[in-house]
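Working notes, beginning with the structure itself.
The values are calculated or read from the model by the stated rules, or taken from the named source; none is laboratory data. A quick note: this is a predicted structure, and the numbers were derived from the prediction, not measured. All Cβ positions, glycine included, derive from the backbone under ideal geometry; neighbour counts span all protein chains shown.
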Amino acid sequence: MKALFRWIEDRSGCSAVLRGCLESPVPGGARWSRVWPCAILFSFCVQAVTGFFLWTFYSPSAQTAWESVYFVQHEVVGGWLLRAVHHYSAQVLLVLIGVYLIQLIVTWRYRAPRELVFWVAVLMGLFTLGLMLTGDLLAWDQNSYAATQVRVSFLTLIPGIGGGLFKLAAGGPAFGHLTLTRFLALHIGLFSAIFAVLLVLHGLLLRRTDAAEAAAGGKAAPFWPQQALRNAVANLAVLVVVLLLALQHGMSGDHAGVALGAPADPDPSSFYAAARPEWAFLGLYEFSNLFPGELKIVPIFLVPGLLVCVVFLMPFIGRSPAGHWFNVGFTAVILIGIVALSFRSLAHDRANKEHQAALAEGHQQAERVRQLARAPSGIPATGALTLLRNDPKTQGPILFKTHCASCHDYLDAEGQGIAAEESSAPNLHAYGSRQWLSGLLDPKRITSPQYFGNTKFRKGDMAAFVRDSLNDLDDEEKTDLQKAIAALSAEARLRSQQEVDAKQSSQIAEGRDMLDDFFGCTGCHRFHDKGQLGSAPDLTGYASGEWLMGIIGNPAHKRFYGDENDRMPAYAEFPDEPAKNQLTEQQLGLLVDWLRGEWYDE
Amino acid sequence: METPSPTPPQDNSAGPAAAEQRRGFLAQAISLVLGTVTLLVPAVVGIVSFLNPLRQHGQAGRFMRLTSLDVLPEDGTPRKFPVIADRTDAWNRFPNEPIGAVFLRRVKPDKVEALQVVCPHAGCSIQYEATDDGGKFFCPCHSASFDLSGKRLDETSPSPRDLDTLDVKVESDGEVLVKFQSFETGTAKKVVKA
């Protein structure tokens, strides 16, 4: 073994280099205040190691980026921890560099001959920010997509070349595949490599200046073992902090580690409204909000650029004690400013109802897409966004709000749901269910705003029939009405009533006859082979998927209201010319499935 | 890369030494040029490809049928219409995808105004809010608000300009066509995304 070492040593001289490092003098002796550079090195190593393993899973394209991160987070054993350690050690790295820079400034260790040491440390800080900005996008979830898009769009503020810079950063006129490949290359290739070079450079420069300081006299001790011990303890502390942060949401379940939102949606009209930058940029974000829109270039580029320039000039400003105090004061003001602005932003968002609602919607979609991704059908090749776009539970409320809620409510018994802009048509919550029909056929309720109260049918034949014929029923008649309601509701084949419909098939059969001869519905309505079309909606297959698509598509069709239609628009009037319709067949299907409660549940 | 080594000072400027120095200078110059050129070639090749996005252009605005006139409320309440078109992302083409949305509003019985839903501030999607005095547009991201014609309502708005209007054509058969375009966000001037 010894011979092997000697063989290597003879040809490489590496043990001499190692000895040189270990014996390099620490001026003033081993100190706790000297642990920062090593802690920065350690955090970066954690980043490199965890980053490499994340890279082995990551697939950079608009249809696979989120999906591969989802796979790491929720399917790979320990994947959530890998992601969390990578994420939190990046935050810790930034803090460590910040603390180190503050220490250099406050202790006047940026002046000659340490200018280069200081500048390299500042550059490390800037590249850490660059690594955070590029790494943030890679998850391709709602927040990282929207926040990055806002940031990259700031480039267009630069006169003349802004538009071109945006395209270069995004890899094209809009965000997509090439944005991910570029950001990935910058993140794991360029910025990481530059950071590593800066780290090495910083180490060499630091050794040189420390050796010079030690040679100039005063107390000094070799790095090994006293300073090395302190560094090792500091690194352990860093690791413990990272692990505590990573484990703050528990060790299992959907929320362990770092949150992954719903997949990014490239449709600009679905822009994630709760997008916020990461904590390190929150102060700058709030600062930029202090300026009117026309002057955005000032807080986004000019002021930060100026601040960085001042920091780079600190070694020259700080040549005199007065200059040094200026530097210290400047740093204190900036830090206090950033912290105060960050808290202001947080307080602002907490009090902002729209922001909280948008956040809650984002959480809901993230939760939903997890459910859908876990469904037996899994994530399709077109990406997880397809799951949400084809999900009635997600799209139904959006479509309802856009197309139906100007007149219709969708509110449950507690008043929860979607309220109409101006309620002027029946409440469609649980439409077609026994409970909904019981209300419709209740003399006291049919003319309430929940049903026909705000429509012209308030004075129509149906309301008159319910008031006159279904009033003062005796117990037996009430039971018969229940049977008729069960029969009509069974036409809808609602999933929520599947069991009860199957159990009460004989009552339903009785009810079906009663709809015809006892209650006389078929006097106006058609019901299977009884009655005529043309005077009232067809009750055959009432509230079934097909029936609902028909009535929403064209309520003035003679199968439904015909000429009696109130104000309900036709959403798919032209079956042969789909381009002319308000809603596509797919949208109609999603809306109907949602109204009928037909969606995937775990 | 070769670094030029300092030439030791010489006492005599005799012939062979001077010739040696000249040759040394030539060697240094050539090695520097060669080193630079050999490094530049792959870098330039890479940078040319890297700049390719500059030659890519977004969707050119063209008139698209969004709806028909009778769908738009006569009282001037705006309605939001998604814009469906083919979308290209590098090597993929996605047919019939939502690529944005437009608010349409009837200002006269046969005149329609169209507004991009994208807020000029940071690119969020504006929402319509019914109010007592006829309604307004509102951005949920940074609370910018606009009147129904798209004018900014706040004294100091986060938005650098009013909402972006789009060209509208109403055909004789009542079809509403809109020239769908996207604009740069954050700028005070309305610049079409090229």
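Which one of these is in contact (Cβ under 8 Å) with a residue 40 or more places away in the chain and within 14 Å of chain B (Cβ to nearest Cβ): A:Leu388, A:Leu295, A:Leu290? Give the derivation first.
Working: A:Leu295 fails: in contact (Cβ under 8 Å) with a residue 40 or more places away in the chain; A:Leu290 fails: in contact (Cβ under 8 Å) with a residue 40 or more places away in the chain.
Result: A:Leu388 is the single residue among A:Leu388, A:Leu295, A:Leu290 that is in contact (Cβ under 8 Å) with a residue 40 or more places away in the chain and within 14 Å of chain B (Cβ to nearest Cβ).
Any residue in region B:169-178 that is crowded, with 17+ Cβ neighbours inside 10 Å, outside any loop (DSSP other than H, G, I, E, B), within 13 Å of chain A (Cβ to nearest Cβ) and of a type in the set (A, V, I, L, M, F, W, C)?
Among the residues of region B:169-178, at least one is crowded, with 17+ Cβ neighbours inside 10 Å, outside any loop (DSSP other than H, G, I, E, B), within 13 Å of chain A (Cβ to nearest Cβ) and of a type in the set (A, V, I, L, M, F, W, C), which makes the answer yes.
Identify, please: which residue in region B:128-153 is over 26 Å from the mean Cα position of the chain (by Cα) and not basic (Lys, Arg) and is, among those, surrounded by the most Cβ atoms within 10 Å (Cβ to Cβ)? Step through it out loud before you land on a result.
In the first step, residues of region B:128-153 are kept if they are over 26 Å from the mean Cα position of the chain (by Cα); the result is B:129-136.
Narrowing further to those that are not basic (Lys, Arg): B:129-135.
Numbers: B:Glu129: 11, B:Ala130: 12, B:Thr131: 10, B:Asp132: 5, B:Asp133: 6, B:Gly134: 11, B:Gly135: 18.
So the residue we want is B:Gly135.
Only one of these conditions is not met by B:Leu72: (1) more than 7 Å from chain A (Cβ to nearest Cβ); (2) within 23 Å of A:Lys167 (Cα to Cα); (3) among the aliphatic types (A, V, I, L, M). Which number is it?
Tallying (1) more than 7 Å from chain A (Cβ to nearest Cβ); (2) within 23 Å of A:Lys167 (Cα to Cα); (3) among the aliphatic types (A, V, I, L, M), B:Leu72 fails exactly one: (2).
Given the conditions (1) within 30 Å of A:Val26 (Cβ to Cβ); (2) surrounded by fewer than 19 Cβ atoms within 10 Å (Cβ to Cβ); (3) in contact with a helix residue (DSSP H, G or I) (Cβ under 7 Å, 6 or more places away or on another chain); (4) of a type outside the set (Ser, Thr, Tyr), report the number of the one that A:Arg207 does not fulfil.
(3)
I need the helices (runs of 4 or more DSSP H) fully contained in region A:97-197, keeping only those with at least 1 residues that are under 30 Å from A:Thr331 (Cα atoms). Reasoning before the result, please.
Working: elements: A:115-138, A:142-153, A:162-170, A:177-184.
Output list reads A:115-138, A:142-153.
Any residue that is assigned to a strand (DSSP E or B), exposed (fewer than 12 other Cβ atoms within 10 Å of the Cβ) and assigned by TED's automatic domain parsing to the domain that holds B:Lys151 - is there at least one of those in region B:50-62?
Step one: of region B:50-62, the residues assigned to a strand (DSSP E or B) are B:62.
Now narrow it down to the ones that are exposed (fewer than 12 other Cβ atoms within 10 Å of the Cβ): B:62.
Still in the list and also assigned by TED's automatic domain parsing to the domain that holds B:Lys151: B:62.
Within region B:50-62, one or more residues are assigned to a strand (DSSP E or B), exposed (fewer than 12 other Cβ atoms within 10 Å of the Cβ) and assigned by TED's automatic domain parsing to the domain that holds B:Lys151.
Residues of region A:391-423 being part of a loop (DSSP other than H, G, I, E, B), crowded, with 18+ Cβ neighbours inside 10 Å and of a type outside the set (D, E, K, R), which ones? Walk me through it before giving the result.
Looking only at region A:391-423, we keep the residues that are part of a loop (DSSP other than H, G, I, E, B), and these are A:391, A:405-407, A:409, A:412-416, A:419-423.
Subsequent filtering for residues that are crowded, with 18+ Cβ neighbours inside 10 Å retains A:391, A:405-407, A:409, A:420, A:423.
Scanning region A:391-423 gives A:Ala405, A:Ser406, A:Cys407, A:Ala420, A:Ser423.
Does region A:98-118 hold any residues that are hydrophobic (A, V, I, L, M, F, W, C) and free of Cβ contacts under 8 Å to residues at least 12 places away in the same chain, and which are they?
Initially, region A:98-118 is screened for residues hydrophobic (A, V, I, L, M, F, W, C), giving A:99, A:101-102, A:104-106, A:108, A:112, A:116-118.
Selection gives nothing.
Scan region B:105-136 for residues that are within 12 Å of chain A (Cβ to nearest Cβ), under 19 Å from A:Glu422 (Cα atoms) and not in a loop (DSSP other than H, G, I, E, B) and jot them down.
B:Gln127, B:Tyr128, B:Glu129
Every residue in region A:225-271 that is of a type in the set (Gly, Ala, Ser), more than 27 Å from A:Val35 (Cβ to Cβ) and crowded, with 19+ Cβ neighbours inside 10 Å, please.
Hits for region A:225-271 are A:Ala256, A:Gly257, A:Gly261, A:Ala262, A:Ala264, A:Ser269, A:Ser270.
Could you list, in sequence order, the residues of region A:75-111 that are over 26 Å from A:Leu236 (Cβ atoms) and either in contact with a helix residue (DSSP H, G or I) (Cβ under 7 Å, 6 or more places away or on another chain) or among the β-branched types (Val, Ile, Thr) (or both)? First the steps, then the outcome.
From region A:75-111, those over 26 Å from A:Leu236 (Cβ atoms) are A:75-76, A:105, A:108, A:110-111; that's our starting set.
Scanning region A:75-111 gives A:Val76, A:Ile105, A:Trp108, A:Tyr110, A:Arg111.
Which condition from (1) at positive phi; (2) crowded, with 16+ Cβ neighbours inside 10 Å; (3) in contact (Cβ under 8 Å) with a residue 60 or more places away in the chain is the one that A:Gly172 breaks?
Every listed condition holds for A:Gly172 apart from (3).
Search region A:554-582 for residues being free of Cβ contacts under 8 Å to residues at least 12 places away in the same chain and in a helix (DSSP H, G or I), and hand back the single one that is surrounded by the most Cβ atoms within 10 Å (Cβ to Cβ).
Among those that are free of Cβ contacts under 8 Å to residues at least 12 places away in the same chain and in a helix (DSSP H, G or I), it is A:Lys580.
So which residues in region A:522-548 are within 23 Å of A:Asp566 (Cβ to Cβ) and over 51 Å from the mean Cα position of the chain (by Cα), if there are any at all?
A:Thr522, A:Gly523, A:Cys524, A:Gly531, A:Gln532
Looking at (1) hydrophobic (A, V, I, L, M, F, W, C); (2) without any contact (Cβ under 8 Å) to a residue 60 or more places away in the chain; (3) within 14 Å of another protein chain (Cβ to nearest Cβ), can you tell me which one A:Leu180 breaks?
It fails just one condition, (2).
Mind listing whichever residues of region A:462-511 are closer than 20 Å to A:Thr522 by Cβ, outside any helix (DSSP H, G or I) and not acidic (Asp, Glu)?
A:Leu470, A:Leu473, A:Ala492 - these are the residues of region A:462-511 that are closer than 20 Å to A:Thr522 by Cβ, outside any helix (DSSP H, G or I) and not acidic (Asp, Glu).
Residue-by-condition table, conditions (1) within 13 Å of chain B (Cβ to nearest Cβ); (2) surrounded by fewer than 20 Cβ atoms within 10 Å (Cβ to Cβ); (3) free of Cβ contacts under 8 Å to residues at least 24 places away in the same chain; (4) over 26 Å from B:Ser159 (Cα atoms):
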{"site": "A:Asp136", "(1), (2), (3), (4)": "no, no, no, no"}
{"site": "A:Ala139", "(1), (2), (3), (4)": "no, no, no, yes"}
{"site": "A:Val150", "(1), (2), (3), (4)": "yes, no, no, no"}
{"site": "A:Phe166", "(1), (2), (3), (4)": "yes, no, yes, no"}
{"site": "A:Gly176", "(1), (2), (3), (4)": "yes, no, no, no"}
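Which one of the conditions (1) assigned to a helix (DSSP H, G or I); (2) out of contact with any Ser or Thr (no Cβ under 7 Å at 6 or more places or on another chain); (3) buried (at least 17 other Cβ atoms within 10 Å of the Cβ) does A:Ala274 fail to meet, given that it meets all the rest?
With respect to (1) assigned to a helix (DSSP H, G or I); (2) out of contact with any Ser or Thr (no Cβ under 7 Å at 6 or more places or on another chain); (3) buried (at least 17 other Cβ atoms within 10 Å of the Cβ), A:Ala274 is out only on (1).
Somewhere in region B:143-152, is a residue touching a residue at least 12 places away in the same chain (Cβ under 8 Å), within 25 Å of A:Asn289 (Cβ to Cβ) and touching a helix residue (DSSP H, G or I) at 6+ places or on another chain (Cβ under 9 Å)?
Within region B:143-152 (the criterion being touching a residue at least 12 places away in the same chain (Cβ under 8 Å), within 25 Å of A:Asn289 (Cβ to Cβ) and touching a helix residue (DSSP H, G or I) at 6+ places or on another chain (Cβ under 9 Å)), the answer is yes, since at least one residue qualifies.
Are any residues in region A:318-353 of a type in the set (Val, Ile, Thr) and touching a Gly at 6+ places or on another chain (Cβ under 6 Å), and if so, which ones? Give the steps one after another, and end with the answer.
Step one: filter region A:318-353 for residues of a type in the set (Val, Ile, Thr), giving A:328, A:331, A:333-334, A:336, A:338-339.
A:Ile338, the sole residue that qualifies.
Quick grid of which residues meet (1) of a type in the set (Lys, Arg); (2) in a loop (DSSP other than H, G, I, E, B); (3) at pLDDT 90 or above; (4) under 30 Å from A:Asp141 (Cα atoms):
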site: A:Val17; (1), (2), (3), (4): no, no, no, no
site: A:Ala39; (1), (2), (3), (4): no, no, yes, no
site: A:Phe44; (1), (2), (3), (4): no, no, yes, yes
site: A:Leu54; (1), (2), (3), (4): no, no, yes, yes
site: A:Gln63; (1), (2), (3), (4): no, yes, yes, yes
site: A:Ser68; (1), (2), (3), (4): no, no, yes, yes
site: A:Phe71; (1), (2), (3), (4): no, no, yes, yes
site: A:Val85; (1), (2), (3), (4): no, no, yes, yes
